[in-house]
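For reference, the structure discussed in these notes is given below.
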Amino acid sequence: DAGVTQSPTHLIKTRGQQVTLRCSPISGHKSVSWYQQVLGQGPQFIFQYYEKEERGRGNFPDRFSARQFPNYSSELNVNALLLGDSALYLCASSLEGNEQFFGPGTRLTVL
Amino acid sequence: KQEVTQIPAALSVPEGENLVLNCSFTDSAIYNLQWFRQDPGKGLTSLLLIQSSQREQTSGRLNASLDKSSGRSTLYIAASQPGDSATYLCAVRGGSGGNKLVFGAGTILRVKS
């Protein structure tokens, strides 16, 4: 079975722009979560979606939004990019309540 | 608010040594605890998952223990190898529902050949 996939792998944007990151969960997994990992730190929780509904939101500004599609894939959108948004964005999928499996991440650089 | 701390921040050992990585958390009301491995610039690889009702889990040379009442977990790596070099992250899932994981900052492990 394929693992969690994310696209794109790398992305370079300038301040003020908008970005969309994509995630496809492991087949059969209905829960998708997004995390932001700044260099040298552990990942920080941004959102969780289950069955297309938001189940949790971390301490991130409203510039961050997400959605989940009927096939359980998900998108993370970030508007009005700031230099501080530069990070590795990780997506994780799971069967509800169980072990979480992470994708390879999208490296976002904001110039 | 749950906080997770990992000690040491970095560790360098010779090949073949047994080692222990430590993780502590402030709120003992957890649903489960997961240990991950992360290679530089890569995603996270799940190593072991311990449910709150369990005391330990084993996979190959890895053994993870959980003492929920004291808010501690340890990851024991036997007979370390250079390929074990990576950052090891501990994460706890709260008991109040949802899938949110709270991570520690990680332990950077280097195994010298």
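Please treat every number below as a calculation from the coordinates, not as lab data. Not measured: the values here are computed from a predicted model. Heads up, the Cβs are rebuilt from the backbone with ideal geometry, glycines too, and the neighbour counts pull from every protein chain shown.
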Kirkwood Rh (inverse of mean 1/r, distinct Cα pairs), the range B:45-94, angstrom
11.9
Give me the percent relative contact order of chain A, please, defined on Cα pairs under 8 angstrom at least 6 residues apart.
37
Tell me, what is the Rg over Rh of chain B, with Rh the Kirkwood radius over Cα pairs?
0.96
By count of other Cβ within 10 Å, fewest leading, how are B:F36, A:F60 ordered?
A:F60, B:F36
Taking every residue in B:31-39, how many Cβ atoms of other protein chains lie within 10 Å of its Cβ, on average?
2
Per residue of A:67-78, what is the mean number of Cβ atoms on other protein chains within 10 angstrom of that residue's Cβ?
0
Using θ = phi - 60° and the Karplus curve 6.51 cos²θ - 1.76 cosθ + 1.60, what whole-Hz ³J(HN,Hα) does each residue of the range B:59-66 get, with Gly and Pro shown as x?
8, x, 7, 9, 9, 10, 10, 9
Please report the spacing between the Cα centers of the range B:13-84 and the range A:18-80 in Å, no decimals.
25
At most 11 other Cβ atoms within 10 Å and a DSSP loop assignment: could you name the GluC sites (Glu not before Pro) in the range A:44-111 that fit?
A:E51
Across peptide B:104-113, how many C-beta atoms of other chains are within 10 Å of each residue C-beta, on average?
1
Report the semi-axes of the equivalent ellipsoid for the range A:37-111 in whole Å, largest first, where each axis is √(5λ) for an eigenvalue λ of the Cα gyration tensor.
22, 15, 11
